[in-house]
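Working notes for the structure below.
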Number of protein chains: 2
Amino acid sequence: MQKLPVTYELLKKNGNARAGVITTPHGKIETPVFMPVGTQGTVKGMSKEELLELGSEIILGNTYHLHLRPTDELIAKFGGLHKFSAWEKPILTDSGGFQVFSLGTIRKIKEEGVEFASHLDGSKRFISPEKSIEIQNNLGSDIVMLFDECPPGQSSREYLIPSIERTTRWAKRCVTYHKRPTEQGLFAIVQGGIYEDLRDKSFDELKEMDESFSGYAIGGLAVGEKKEDMYRILKHITPKLPENKPRYLMGVGEPLDMLEAVEHGVDMMDCVQPTRIGRHGTVFTKYGKLVIKNASYAEDDRPLDDGCNCYVCRNYKRGYIRHLLKAGEILGQRLTTYHNLYFLVNLMKNARKAILEDKFIEFKEEFIKNYSLGKQSEWINPKKIGENK
Amino acid sequence: MQKLPVTYELLKKNGNARAGVITTPHGKIETPVFMPVGTQGTVKGMSKEELLELGSEIILGNTYHLHLRPTDELIAKFGGLHKFSAWEKPILTDSGGFQVFSLGTIRKIKEEGVEFASHLDGSKRFISPEKSIEIQNNLGSDIVMLFDECPPGQSSREYLIPSIERTTRWAKRCVTYHKRPTEQGLFAIVQGGIYEDLRDKSFDELKEMDESFSGYAIGGLAVGEKKEDMYRILKHITPKLPENKPRYLMGVGEPLDMLEAVEHGVDMMDCVQPTRIGRHGTVFTKYGKLVIKNASYAEDDRPLDDGCNCYVCRNYKRGYIRHLLKAGEILGQRLTTYHNLYFLVNLMKNARKAILEDKFIEFKEEFIKNYSLGKQSEWINPKKIGENK
C-alpha cells in the first residue's frame with residue numbers, strides 16, 4: 001500500500017475533542033485549525049505576511065473560481081498555485097462542487113457530471129469528477145477534495161439516497177483519475193443530510209476506499225438546516241470517522257458552531273464568513289459580533305475587542321476603523337478582515353491548548369458565557385471619548 | 001521673532017538642486033522627498049507599516065475630505081489626525097482649496113471665501129481662509145497650507161492678477177487666524193500661472209509675511225498647462241524662493257517632471273497619481289509605465305520592474321498581479337500601489353544621493369534615457385513563461 005502524502009498524528013484526546021498535527025508536502029498544521037478561504041488565489045484583503053502573522057497555517061483555494069479565471073492551465077504553467085500566489089504553506093482546494101451548485105445559474109446533474117453556466121460570462125460549462133481532479137492536479141494543492149453533490153440542508157431522504165450513491169460512484173472515479181496520489185492527499189466527503197442512518201450509509205460506502213483517502217470531510221452541514229440538526233449530526237458522525245486521519249467540517253465559521261464541532265472531534269474548518277462580514281463592517285468580539293460600521297461607534301476610541309492582542313487591536317481605534325469603512329477605504333476592509341481571521345484562527349489555537357491541558361469543556365463554557373452576553377456587555381455598547389461607563 | 005515649528009537645513013547644492021533636512025514636530029524629513037497622499041486619513045490601500053517600509057517620511061491629509069467626513073471636529077476629539085490614524089511621522093494638510101475648485105459642483109468665489117456643494121451629499125458649504133486654518137488646526141498637521149485660489153493652467157493674465165491679489169489678502173487672514181503657530185508650520189503658495197512676472201508678483205507679495213512662513217509652495221502647475229510652460233516657470237521661480245526654507249511643488253508625480261523640479265531646487269512633491277494609476281492597473285518601471293492589467297502580461301513570470309528591490313518585485317510575478325487586478329482583488333491594488341509609491345519615494349532618495357555626490361545631472365540623464373525607452377525595452381514588452389527573448 002502506497003504511503004499517503006498527508007498524514008495525521010493524534011497527540012491528545014479530551015473527551016472526543018482532539019489535538020493533533022497534520023503533515024503535508026508543504027509543512028505541518030496544528031489542529032484543531034481554522035483555514036482562511038482564498039477563493040481566487042488570495043485571501044480577500046490579506047497579504048501572505050499578514051496571514052502568517054495572524055497564525056494561518058493553511059489556506060483554501062477555490063477550484064471553480066480558479067478554473068474559470070485565470071484558469072488552472074495558466075496556474076500550472078507557473079508551477080501550481082503555491083508558486084503562482086507565492087504562498088509556501090499548505091493549500092487545500094475544494095472540488096468546485098459547492099460553487100457549481102450555489103453559483104451556476106443553470107445546471108443539470110447527470111451521472112457523468114454537472115452542467116452549469118459560468119457566473120462570469122454565462123458560458124456553458126461541464127464539470128465531472130475527473131475534471132475536478134484534473135483541475136486540482138493542475139493547481140497542485142496539498143489536499144484535494146472529492147467531487148460530490150452538496151444537497152440543500154432540508155433535502156428529503158428520498159432525494160438524498162440516490163444522491164449519496166452517486167457521490168460514492170463519483171468518489172471512485174476521482175480516486176481512479178487522481179494523477180498525483182503521492183503529492184496530493186485526497187479527502188472524502190461524507191454526505192447524508194440530517195439523517196444519522198444516511199450519514200452512516202455515506203461513510204460506510206466511502207470507507208471501502210479508505211486506503212486512498214488522507215482524510216474525511218463532513219459536507220452538507222451549515223447549508224440551511226436547523227442548528228440542533230447540525231449539532232446532532234456532528235455528534236453522531238464525527239467520532240465514527242477514522243481516528244488516524246484528519247476530519248474536516250466544511251463551511252463552518254461561527255465561533256459557537258466551531259467549538260461544538262471540536263468537542264465532537266473535528267480537526268479542520270473553513271468559512272468565508274470572517275472575511276466577508278469583515279469587509280461589510282462586522283467584527284467578532286469575545287462578547288459577540290459588533291457592527292463597527294454603525295454611527296454609534298464614530299466616537300469610540302477603544303480597540304475592536306476587549307483584550308485582543310492582534311495587530312489591529314494594538315494599533316487602531318474603533319472610530320478610525322468605522323471612518324475608513326464609511327469612506328470606502330481599502331484599509332478599513334483590511335483591518336476588519338485581519339481581526340476576524342485572527343479571532344477564529346486563535347479561537348482554534350486556544351481550543352487546542354485547552355485540549356492539551358484536559359480542560360476543553362471549561363474553555364468552551366467560558367467562551368460561550370462571554371460570547372452570549374452581546375449588548376449586556378459594556379464592550380459591545382458604544383462609548384464616546386471621555387465618557388465614563 | 002517667534003521660532004518657526006518647521007525648519008530646513010540645506011546640506012548640499014548641486015547646481016540649483018538641493019539636498020537637505022526638514023525638521024517638524026513629528027520628526028525629520030530628508031529632501032528631496034515624494035509625499036504619498038492620504039486623502040481621507042489613509043494612503044489608499046496602504047498600512048502605516050507598509051508606508052514606513054517603502055520609505056515614506058511624510059504623508060498628506062486632505063482638508064476638504066476630512067472636513068466633510070468624518071469631520072475635523074471628530075478628529076480633534078481623538079487628539080488630531082496623527083492619533084486618529086495612528087501615523088506618528090509628519091503630516092502635511094492641504095488647504096482644501098484645490099478640492100473646492102475641482103470637486104465642488106457649484107461654487108461662488110467671493111472676497112469672504114468660496115461657496116461650494118459637498119460632493120458627498122450636495123449640501124451647501126462655505127470655506128474661507130479662517131475656516132481652512134481652523135480645520136487644519138483641528139487636524140493638527142505639522143505643515144499647514146494657506147487657503148488660495150488655484151486657477152486653471154490656461155488662465156489669462158486678466159484673470160490671474162485679481163486672483164493673485166485676493167490670494168495674498170487671504171494669506172494675511174490665514175496668518176492672522178492661525179491658532180497654533182508654534183506647533184504647525186504655515187506654507188505660503190506662490191501662484192501666477194505661466195507668467196514669470198505674475199509669479200514674481202505673487203512671491204513678492206507673500207514674502208512680506210516671510211517671518212510667518214515655514215516654507216513656500218509652488219501652486220497652479222500641473223493643472224493643464226503645457227509641459228514647456230511648467231518647466232519654464234519652475235526654472236524661473238524656484239531658485240528665487242528663500243534658500244533657508246523648504247520649497248514644495250504641489251500635485252506633481254510624473255518621474256520626469258519630478259527630476260526637472262529637483263534640478264531647479266524643489267524639495268517636496270506630492271501627487272495622487274502613483275496610488276490612482278496603481279489601483280487601475282498601471283505601474284511605473286525604469287523603462288516607462290506598464291499597463292499590467294493588459295492580457296498580454298497574463299503569462300509573464302517576471303517581477304513588475306527590472307532590478308527593483310521592493311517587497312512586491314521580490315515576491316510576486318506579473319501574471320499573478322494581473323490576475324488579482326482582473327479578479328477585482330484588494331491584494332492586486334495593494335501590490336501595484338506599494339510598487340508605485342516605492343518607485344517615486346526611492347526616485348527622490350536616489351536623486352538626493354546623487355546631489356550629495358555632486359552628480360545629479362548624470363543621474364537625471366541616465367534615468368531619462370531608460371525611462372524614454374518604453375516599448376523599445378524588452379522589459380516593457382510581455383514575455384510568456386519559458387519564452388526566450
Task: Charge dipole of chain A about the Cα centre (unit charges at C-beta), most positive-ward option of A:ALA217, A:SER123, A:LEU256 - done: A:SER123
Task: Nearest-first distances (nm) between copies at B:GLU30, label 7 Å from Cα via Cβ - done: 4.0
Open item on the list: Per DSSP helix of 4 or more residues, -39500 (n - 2.57); summed, then divided by the residues of chain B. What does that give at 222 nm, rounded to the nearest 500?
Closed with: -11500 deg cm²/dmol
- [ ] Could you tell me how many degrees, from 0 to 90 and to the nearest 10, lie between the Cα long axis of helix B:157-177 and the main elongation axis, the longest principal axis, of the Cα atoms of chain B?
- [x] 70 degrees
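With charges set only on the Cβ (+1 for Lys and Arg, -1 for Asp and Glu), what does the dipole of chain A come to about its Cα centre, in debye to the nearest 20?
Using Cβ point charges on Lys, Arg, Asp and Glu, chain A gives about 900 debye.
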TODO: Only residues of the stretch B:44-80 count here: report those whose backbone N is under 19 Å from the spot 7 Å along Cα→Cβ of B:LYS124, or say none.
DONE: B:68
Open item on the list: Tell me the carbon and sulfur percent of the accessible area for chain A, rounded to whole percent, probe radius 1.4 Å.
Closed with: 50 percent
Open item on the list: How large is log10 of I(q)/I(0) for the stretch B:182-294 at q = 0.13, 0.17, 0.18 Å⁻¹ when the intensity is taken from the Debye formula with one equal scatterer per alpha-carbon?
Closed with: -0.54, -0.82, -0.90
TODO: Go ahead and collect, in residue order, the members of the stretch B:229-243 whose backbone nitrogen is under 20 Å from a label point 7 Å along the Cα-Cβ direction of B:GLU208.
DONE: B:241-242
Task: Label point 7 Å beyond Cα along the C-beta direction, distances from A:LYS326 to other copies (nm, shortest first) - done: 3.9
TODO: Shortest first and in nm with one decimal, please list how far the A:LYS124 label point sits from its counterparts in the other copies (point 7 Å along Cα→Cβ).
DONE: 6.1
- [ ] Report, in debye and to the nearest 20, how large the dipole of the stretch A:220-362 comes out about its Cα centre when Lys and Arg carry +1 and Asp and Glu carry -1 on their Cβ.
- [x] 380 debye
Task: Where rotation carries B onto A, the chain B residue whose Cβ is nearest that axis, in whole Å - done: B:ILE330, 3
Task: B:ASN244-A:THR71 pseudo-label distance in nm [points 7 Å out on the Cα-to-Cβ vector] - done: 6.8 nm
Task: Unpaired by the 4.7 Å Cβ criterion, cysteines found in chain B - done: B:CYS150, B:CYS174, B:CYS271, B:CYS310
Open item on the list: Give me a comma-separated list of calculated 3J(HN,Hα) values for the stretch B:133-149, in order, Karplus coefficients 6.51, -1.76, 1.60 applied at θ = phi - 60°, integers in Hz, x for any Gly or Pro.
Closed with: 5, 4, 4, 5, 5, 5, 6, x, 5, 6, 10, 10, 9, 5, 7, 10, 8
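On a 1.4 Å probe surface of the protein chains, which of A:ASP210, B:ASP229 comes out largest in accessible area, and what is the full order?
My answer, sorted largest first, is A:ASP210, B:ASP229.
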- [ ] Only Cα pairs under 8 Å and at least 6 apart count here; give the relative contact order of chain A as a rounded whole percent.
- [x] 18 percent
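What accessible area, summed over both chains, is buried at the A-B interface (1.4 Å probe, Å², nearest 100)?
Details: alone 16220 and 16200 Å², together 28940 Å².
Buried area between the two chains comes out at roughly 3500 Å².
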Open item on the list: Taking 45 Å as R0, compute the FRET efficiency from the Cβ-Cβ separation of A:ILE385 and B:ASN381 and round it to 0.05.
Closed with: 0.20
Task: Nearest-ten-degree value, helix A:227-237 long axis tilted from longest Cα axis of chain A - done: 50 degrees
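Enter the mean number of other protein chain beta carbons within 10 Å of the beta carbon of each residue in A:319-331, as an integer. Could the numbers behind the result be given before it?
On the way: counts 6, 9, 0, 1, 12, 5, 0, 3, 11, 2, 8, 12, 14.
The mean count of partner-chain Cβ atoms within 10 Å per residue comes to 6.
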Task: Those GluC sites (Glu not before Pro) in the stretch B:346-389 that DSSP places in a loop and that have at most 16 other beta carbons within 10 Å - done: B:GLU357, B:GLU378, B:GLU387
Task: Intensity falloff of the stretch A:7-271 expressed as log10 I(q)/I(0), Debye formula with alpha-carbon point scatterers, at q = 0.09, 0.16, 0.17 Å⁻¹ - done: -0.36, -1.27, -1.45
Open item on the list: Let me see the P(r) profile for the stretch B:60-149: every Cα-Cα distance counted, bins of 5 Å, each bin given as a percent of all pairs.
Closed with: 3, 16, 28, 24, 16, 10, 3, 0
- [ ] Enter the angle in degrees (range 0 to 90, nearest 10) between the Cα long axis of helix B:360-371 and the first principal axis of the Cα atoms of chain B, meaning the one along which they spread out most.
- [x] 50 degrees
Open item on the list: Which residue, B:TYR287, B:ALA17, B:ASN350, has the largest displacement toward the positive end of the dipole of chain B when charges sit on each Cβ (Lys, Arg +1; Asp, Glu -1)?
Closed with: B:TYR287
- [ ] With unit charges on the beta carbon (Lys/Arg positive, Asp/Glu negative), name the residue among B:LEU146, B:TYR316, B:ILE75 whose Cα is farthest towards the positive pole of the charge dipole of chain B.
- [x] B:TYR316
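Hey, which of these cross-link pairs are over 27 Å Cα-Cα: A:LYS83/B:LYS349; A:LYS326/B:LYS326; A:LYS83/A:LYS240; B:LYS235/B:LYS349; B:LYS289/B:LYS349; A:LYS83/A:LYS326? Let's see the in-between values first.
Working: A:LYS83/B:LYS349 32 Å; A:LYS326/B:LYS326 25 Å; A:LYS83/A:LYS240 37 Å; B:LYS235/B:LYS349 22 Å; B:LYS289/B:LYS349 20 Å; A:LYS83/A:LYS326 36 Å.
Distance filter (> 27 Å) returns A:LYS83/B:LYS349; A:LYS83/A:LYS240; A:LYS83/A:LYS326.
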- [ ] Filter the GluC sites (Glu not before Pro) in the stretch A:88-133 down to the DSSP loop ones having no more than 16 other Cβ atoms within 10 Å, then list what survives.
- [x] A:GLU88, A:GLU111, A:GLU112
TODO: Output ³J(HN,Hα) for the stretch A:62-72: one whole-Hz value per residue in order, computed from phi by the Karplus curve 6.51 cos²θ - 1.76 cosθ + 1.60 with θ = phi - 60°, and x for Gly and Pro.
DONE: 10, 4, 4, 5, 6, 5, 6, 7, x, 5, 5
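Quick check for me: using +1 on Lys/Arg Cβ and -1 on Asp/Glu Cβ, what's the dipole size of the protein assembly as shown about its Cα centre, in debye to the nearest 20? Please list the in-between numbers first.
Working: 112 positive and 106 negative charges, 87 e Å.
Around 420 debye, computed over the protein assembly as shown.
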Task: Separation in nanometres of the label points that stand 7 Å from Cα toward Cβ, at B:LYS353 and B:HIS236 - done: 3.6 nm
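By accessible area of protein heavy atoms, probe 1.4 Å, what ranking do B:VAL114, A:VAL175 get, highest first?
Working: B:VAL114 0, A:VAL175 40 Å².
Output order, biggest surface exposure first: A:VAL175, B:VAL114.
I'd like the trypsin sites (Lys or Arg not before Pro) in the stretch B:1-32 restricted to DSSP loop residues with at most 11 other Cβ atoms within 10 Å, sorted by number. Walk me through the intermediate numbers first.
Numbers: sites: B:LYS3, B:LYS12, B:LYS13, B:ARG18, B:LYS28; in loops: B:LYS3.
Answer by residue number: B:LYS3.
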TODO: Indicate the residues belonging to the stretch A:341-389 that lose 30 Å² or more of solvent-accessible heavy-atom surface (probe 1.4 Å) upon moving from the chain alone to the assembly of all protein chains, ignoring ligands and nucleic acids.
DONE: A:ILE385
Open item on the list: I'd like the per residue volume of the convex hull spanned by the Cα atoms of the protein assembly as shown, given in cubic angstrom.
Closed with: 175 Å³
TODO: Using 0.36 nm per residue of separation minus the Cα-Cα distance, give me the extension gain between A:GLU196 and A:ARG276 in nm, one decimal.
DONE: 25.6 nm
Task: Rg and Dmax of the stretch B:278-376, Cα atoms only, in Å - done: 14.3, 47
Task: Sequence-distant residues sharing a close amide H with A:GLY61 (under 5 Å, placed H) - done: A:GLY38, A:LEU92, A:THR93, A:ASP94
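The values are calculated or read from the model by the stated rules, or taken from the named source; none is laboratory data. Keep in mind the model is a prediction, meaning the values are calculated, not measured. Here the Cβ is made from the backbone with ideal geometry for all residues, glycine too, and neighbour counts use every protein chain on show. In case anyone asks, the SASA skips ligands and DNA or RNA and just uses the protein heavy atoms, side chains included. Shrake-Rupley method; radii C 1.70, N 1.55, O 1.52, S 1.80 Å.
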